[in-house]
Amino acid sequence: MTPTVYRIPFSTNVERVALAAGHKGLAIDWIDVDADDRSPVDAVSGQALVPVLVADDEVVTDSPVILEWLEERFPEPPLLPAEPARRAEVRVFVDWFNRIWKRAPNAIADGEPTAGPAADMRAHLELFESLLDGRDYLFGAFGLADVTAFPFLKYASIGCASGDAEAFHHVLANYQTLREDSPIHAWVARVDAHPRS
Ligand SMILES: N[C@@H](CCC(=O)N[C@@H](CS)C(=O)NCC(=O)O)C(=O)O
């Protein structure tokens, strides 16, 4: 079974799915949607955001849910550690990233005062650097944490792609300044080398 996934250009949450499926060697039938006309996404899922995955009679929205769906349906190679405690640690990170980390760049993109969120973003970069201390990926081996964070943290190292006018992405590029010797640079290059479906 080849899942179908709806996407728009430059989508961070879509890139998560592309990296996860690429890791599993799973082909995806991509459906490209015009960012200004979400009617095909609405029609299939009842909401407008991408990614949306369709497989047989299942429709799955929300990238963290899609990633867990992929892990359950296509367990090999895994994105999560085998040990329950290590697995829980990764899930705690993913939940933190989606619920807490995203708040600061979203606040800046929404035009709120920048001082507090900018300080949060700097502090969070230090946390990622500590997670990478002495290891190649955020939790040791490449997996769900890297797939979840990379599409957002990559802007710190490689900036915005040409043609990417999404304000949120420019916030990610402008408010995540790295030291030249930050381990995040090497991690971005390492994760970027992984296949995407
Ligand atoms: N929680 C959702 C968020 C999805 C989301 O915000 N998708 C963006 C693209 S990365 C989108 O469709 N944005 C369109 C819009 O805000 O109009 C997920 O993780 O999939």
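Structure data summary
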quantity	calculated
Strands (runs of 3 or more DSSP E) wholly inside segment 1-73 that include at least 1 residues being surrounded by 14 or more Cβ atoms within 10 Å (Cβ to Cβ) and within 12 Å of the ligand (Cβ to nearest atom)	4-7, 52-55, 58-61
All helices (runs of 4 or more DSSP H) inside segment 106-197 with 2 or more residues being within 30 Å of ALA82 (Cα to Cα)	115-131, 144-158, 183-192
Residue match in segment 59-66 (condition: touching a Lys or Arg at 6+ places or on another chain (Cβ under 7 Å) and not β-branched (Val, Ile, Thr))	yes
In segment 74-91, the residues that are closer than 14 Å to ALA141 by Cα and within 16 Å of the ligand (Cβ to nearest atom)	LEU79
Boolean, ILE100 is touching a residue at least 60 places away in the same chain (Cβ under 8 Å), assigned by TED's automatic domain parsing to the domain that holds VAL171, more than 23 Å from ASP192 (Cβ to Cβ) and outside any loop (DSSP other than H, G, I, E, B)	no
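The values are calculated or read from the model by the stated rules, or taken from the named source; none is laboratory data. On a predicted model such as this, the values are computed, not experimentally measured, just so you know. So basically every Cβ, Gly included, is an ideal-geometry build from the backbone, and we count neighbours across all protein chains shown.
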